[in-house]
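K.L.:
Here's a structure for you.
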Amino acid sequence: MMKKKLRYIVVGGQTYKYIITARVVNKTAKLELKVFNDGSKTHALYVQFHTWDDHIVGYVLNSGVLLFNHRTGVKENYNLNHPARIRQWIEIAVQQGWDGTTNYYIEDGLEELEQLGFEVNWLRPAVG
């Protein structure tokens, strides 16, 4: 099994390390973005996504999916592996008060995406 390496991104002059993990739980996909300040592995930003799992495509936010954005009026390819998306999550957390010295949780990443104007209800797993 390959060891997952932390990737690096610079946002606002600050270097961050991040990793995306994915797993299937009860036939649904759970993705987690974990971001650390460059000098720390103890305090992180955690963004969690819970979607349906596709047997062919896999984790839809991890491979890319077209999401309609009500603010821009266009469909955007949303891929969590794209650095612009990682930058966006870091900027959101910093605006909400995260400074890298404490853990910060965004437990429903889909809800946050909805606040950004994206149509995400169809990504939510079926209940029951």
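K.L.:
Can you pull out the residues in the range 44-63 that are surrounded by fewer than 17 Cβ atoms within 10 Å (Cβ to Cβ) and out of contact with any helix residue (DSSP H, G or I) (no Cβ under 8 Å at 6 or more places or on another chain)?
P.N.:
Selection gives 46, 55, 56, 58, 63.
K.L.:
If you take the residues in the range 65-77 that are touching a Phe, Trp or Tyr at 6+ places or on another chain (Cβ under 7 Å) and open to solvent by less than 50 Å² (accessible area, probe 1.4 Å), which one is farthest from residue 112 (Cα to Cα)?
P.N.:
Here the answer is 65.
K.L.:
From the list 94, 25, 11, which one is among the aliphatic types (A, V, I, L, M) and in contact with a His (Cβ under 9 Å, 6 or more places away or on another chain)?
P.N.:
When all the criteria are applied, what remains is 25.
K.L.:
Being out of contact with any strand residue (DSSP E or B) (no Cβ under 9 Å at 6 or more places or on another chain) and in a strand (DSSP E or B) is the filter here, so list the residues in the range 6-43 that pass it.
P.N.:
Listed by number, the list holds a single entry, 11.
K.L.:
Still on this structure: Kindly indicate the residue of the range 44-70 that is hydroxyl-bearing (Ser, Thr, Tyr) and part of a strand (DSSP E or B) and also farthest from the chain's Cα centre (by Cα) among those meeting that condition.
P.N.:
Only one residue fits best here, namely 51.
The values are calculated or read from the model by the stated rules, or taken from the named source; none is laboratory data. Everything quoted here is computed from the prediction, not taken from an experiment. Quick reminder, even Gly has a Cβ in these numbers, built from the backbone with ideal geometry, and neighbours come from all protein chains shown. For the accessible areas, the whole protein counts, side chains as well, though only heavy atoms, and no ligand, DNA or RNA atoms are used. Shrake-Rupley method; radii C 1.70, N 1.55, O 1.52, S 1.80 Å.
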